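Below is one structure, written out as C-alpha cells, with a few remarks after it.
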Amino acid sequence: MNIPTALESELLPHIIVFSINIFLFLISPLLLKKMYPHDQSKASYMIKLSQGLNILFFIFHSIDISLLIFLKEINQDLFTNLALSIVIFYSAIFSSAFLSTVIRRNFGEERQLDTQTVHYDNHSSRIMDIFNKVIFSLIVIYLIIITWNFDSILEAGGLIGILFAFLALTNAVWAPDLYYGIVILNSKMINVGDVIKHGDEDDEYIIYQISFIYTILLDIRNDHRTVVRNSVLIANNIENLSKRASSGGLRYALSYKVGYPKQDPKLGSQVLEDHKVTLQKMFQEVLDQALENAAIMIKSKNSELELLLKSAGDYALEWEFYFHIDALPNTLVTKSIRNYLVRTPRLLNELVLDASYKYNIDLSTPLQIQGKLNS
C-alpha cells in the first residue's frame, strides 16, 4: 500500500511512540522487580498495572493510527486524548514509584531482613514521599486538563479550589491514618519484620508493610495476611516481641497441675519437700534435654531452672515452668517464627510428659479423679 509522503510524516511520531510503548511493555517487569526486590506482591501488582496501562494504550493508539490512515476525515481527537491520558498516568505512576524508591534508599533506614539488606521507610522518608505523591498528582491533574482543553478549570483558582474542597471533605477518612502512620515510623517501636501482639488477641503477627493508610500483618499461627488501619493499630496495646526489655530473651511459662503427695503423719512436711525435689530433678532434666535439642529455641546462656508454685488448688498444685526463648530473627517467613513461638512450647510439653513417666509424676491430677470416683 502506497502511503503519501505527508501521511508518512504524520505517522512517524505515532510509530515512534508505539515502539517505545512496546519496549516499555517488555522491559517494565524487569525494572519493577529491581525496584521492589523484597516485596514480591507489590512488584506483581505494579507489573500488572503497567501491562494493563500498556494494553490500553495499544488499543487507543491503534484506533488512532487506523483512523489516521483509513478515515482521516473523521476526527480522531478522542482516541488521541485517551492515549495521551494513559501515557500521562503511566509516566506519573512509575516516575513517582521510582522517586519513592530513591527516597527510601537515601533517607530511609537499612535493616537486615532474611539475611538481606532492606530499605524501609522512616518518618523523614515518609514525609518526603507524601510531597512526592502530592506533586505528581498535581502534575497529572494539570496535564489531563491541558490535554482535554478544560482550561477554564485553571482560571480564577478553580483547580486550587477543587483540590482544597476535596481535601476538606475527605480529611476525616485519610488524615488520622496518615498521621498515625508517621507516628509509628517516628517512634521506631514498630519496624518491618518485627513480631507483635496487638489489642486483646493472643496471636502473633509479623509487620509486613507500613503504608500511608494501613499496616499489613502476617498471621504467624494461621499463615494469612491481616490489614489494620494505622489509627486502629496504634489505638490498641501493642507488644513488640522483637524488641526485648533485657538480654535474657523472651520469658515464657508453661503451667502443669500435679496431684498433691500423699500425706504421712510420721514424715510431716518432709513428704512435700521430697515432692519438690523430685519435681526439680524432673524439670532440670527437661531443661537439659531442651538445651541439647536444636529444634527447641531456648536461650542457652545462663539458662537456670525456674520452677515456681503458682497456686494450691482443691485437687492439685499448679506449677509454672519458666524458660527464655532466643532472640527472634528478622524475617518475613512465618514458619521461622512459628519454630520459636509455637513449636518450642509444644516440644517442651512432650519432654515434660516423657519425664513425668520416668519420675512417676502424675500430670492428670489424680486426686481429682479419685474424688470423682469415690463420690
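Side notes on the structure shown:
- The range 284-307: number of residues that are more than 12 Å from Arg251 (Cβ to Cβ) and without any contact (Cβ under 8 Å) to a residue 60 or more places away in the chain: 16
- Within the range 205-230, being under 23 Å from Ile182 (Cβ atoms), in a loop (DSSP other than H, G, I, E, B) and not small (Gly, Ala, Ser) holds for Phe212, Ile213.
- Selection within the range 309-337: residues that are of a type in the set (Ser, Thr, Tyr) and within 23 Å of Tyr205 (Cβ to Cβ). The member of this set that is modelled with the lowest pLDDT is Thr331.
- Cβ separations smaller than 8 Å between residues 6+ apart or across chains give the following pairs from the range 6-23 residues that are of a type in the set (Asp, Glu) and surrounded by 14 or more Cβ atoms within 10 Å (Cβ to Cβ) to residues that are assigned to a helix (DSSP H, G or I) and at pLDDT 70 or above: Glu10/Leu68.
- Some residue of the range 317-328 being surrounded by 15 or more Cβ atoms within 10 Å (Cβ to Cβ), more than 11 Å from Tyr256 (Cα to Cα), under 19 Å from the mean Cα position of the chain (by Cα) and in the same structural domain as Asp362 (by TED's automatic domain parsing): yes
The values are calculated or read from the model by the stated rules, or taken from the named source; none is laboratory data. Predicted model, so just to flag it, every value in this text is computed and none were measured. When we count neighbours, we look across all protein chains shown, and the Cβ atoms used for this are built from the backbone with ideal geometry, even at glycine.
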